[in-house]
Amino acid sequence: MKTTLAFSAALAAAFLLRADYAPEKWNLEARDKFAAQRFGIFIHWGIYANYAQGEWYQHQIGMDSETYGRIKDGFFPSKFDAKEWVRIFKDAGAKYVTITSRHHDGFSLWPTKVDDGFNIAETPFKRDILGELSKACDEAGLQLNFYYSQMDWRRKDYPAGSASRKVLGNQKGDYASYKKFMISQIGELIDNYHPGNIWFDGEWDHARCEKGVWKRDLDWELDDIYDFIHSKKTLVASNNHQPIRAKEDIQLFERDLPGEGTSFSKDQPLVHDRPVEQCDVIQKNVWGYRINERSFRTPEEVCAMICRCAAKDSNLLMNIGPDGSGRLPARAVEVLSEVGKWMRENGEAIYATRGCGLVKNADGSETGKTKKGDVVYEITIPKGCKGYPTVKTSS
Ligand code: FHN
């Protein structure tokens, strides 16, 4: 009953907002293009890779940003090779890449002109990482998108919320100033690198759901930010773990199959009127590079995840955390290479299809269905991912 009420309230809110807002033609076309891509690579990378303890390290040990930030003076990823990364991603069958332009620590991976020097230009490396990646993606025909953290553990104008308080204390901030900063940075990102979407994360620092009722303690004035992004013909996605808003173009689910309602998405009903993306990790439990984490998913598991998502009419965004020298973890590269072999043989059942559902069978296997025109693809995922998914075609 509780869930039903929350669900209806969320849907009502989404419909009410939708009445005021109609996506333009470019927007609908860009959404379709995004949905047809079905498989992307997520990259969590920043100076935290040098600590080799994941992207939440600063927060986990409660380090002040001045001390934490000193590691930027040692950031020199000499092995970074955008072309090689993109070759590996394309070979895996990915059609797009989404990279953390700026994570919660506030470090920007491009030479932004609008911050106070906490960016790649102020490291010994100096090279424009996003610029190089953008060029390599363009040349290879992959779409590049940018993750952008709204939560910030460093700036004085960011109003501290439930998660950021551990590093910022009760800092009041100045949201008008912070919003202006975000918009300037996002403008740079779009004008310089032309991403397909801006992928927000961190709004949840100021929101929580109690018994189906959302409580928010900051008005992010998202309409202004979303309108600005749309005015530059770029899509908006937000990993806010909340019911989707009218002006968000893609519905995101973190480490959860869309609509399953476990973990982060328990208060996040699936809305079927726009593209959906599930993000997940190739190294279980790890987004940013963590040296002692060795629990890689198998190629069979990653292929199963792609199939489950496609059957649920969703994209899969699979994360990799490069290390501080700019290398992708070797095992992740091997896994992706095997995934690519499967995708080359079976991609017809995945790319540009519509999902028709996923069921669990009595013997522990799963059956997913996708469709393209009159062709139906029946995909069988073996129990426990003990083998690769198999595809049967009918029309
Ligand atoms: O806090 C982040 C986390 O570091 C990572 O970026 C993931 C990716 O979806 N999102 C946040 C948690 O929701």
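The values are calculated or read from the model by the stated rules, or taken from the named source; none is laboratory data. Predicted model only: the values in this text are computed from it and were never measured. So basically every Cβ, Gly included, is an ideal-geometry build from the backbone, and we count neighbours across all protein chains shown.
Assorted remarks:
- Subset of the range 74-92 [surrounded by fewer than 22 Cβ atoms within 10 Å (Cβ to Cβ) and under 22 Å from ASN315 (Cβ atoms)]: ARG87, ILE88, LYS90, ASP91
- Odd one out for LYS179 among (1) more than 23 Å from LYS247 (Cα to Cα); (2) touching a residue at least 24 places away in the same chain (Cβ under 8 Å); (3) of a type in the set (Lys, Arg): (1)
- Pairing each residue of the range 222-240 that is surrounded by fewer than 18 Cβ atoms within 10 Å (Cβ to Cβ) with any residue that is of a type in the set (Asp, Glu), provided the two are 6+ apart or on different chains, yields C-beta distances under 8 Å for LYS232/ASP191.
- Failed condition for PHE80, given (1) over 24 Å from ILE291 (Cβ atoms); (2) out of contact with any strand residue (DSSP E or B) (no Cβ under 7 Å at 6 or more places or on another chain): (1)
- Pairs with Cβ under 6 Å, 6+ apart, first in the range 93-114 and over 19 Å from GLY196 (Cα atoms), second of a type in the set (Gly, Ala, Ser): HIS104/SER149; PHE107/GLY46; PRO111/ALA121; VAL114/SER184
- Selection count where residues are among the polar types (S, T, N, Q), within 25 Å of SER134 (Cβ to Cβ) and within 16 Å of the ligand (Cβ to nearest atom), scope the range 151-201: 1
- Flag for PHE264 being within 16 Å of the ligand (Cβ to nearest atom), touching a residue at least 40 places away in the same chain (Cβ under 8 Å) and either buried (at least 21 other Cβ atoms within 10 Å of the Cβ) or assigned to a helix (DSSP H, G or I) (or both): no
- From GLU277, GLU293, residue being modelled with pLDDT of 95 or more and either within 23 Å of ALA30 (Cβ to Cβ) or surrounded by fewer than 20 Cβ atoms within 10 Å (Cβ to Cβ) (or both): GLU277
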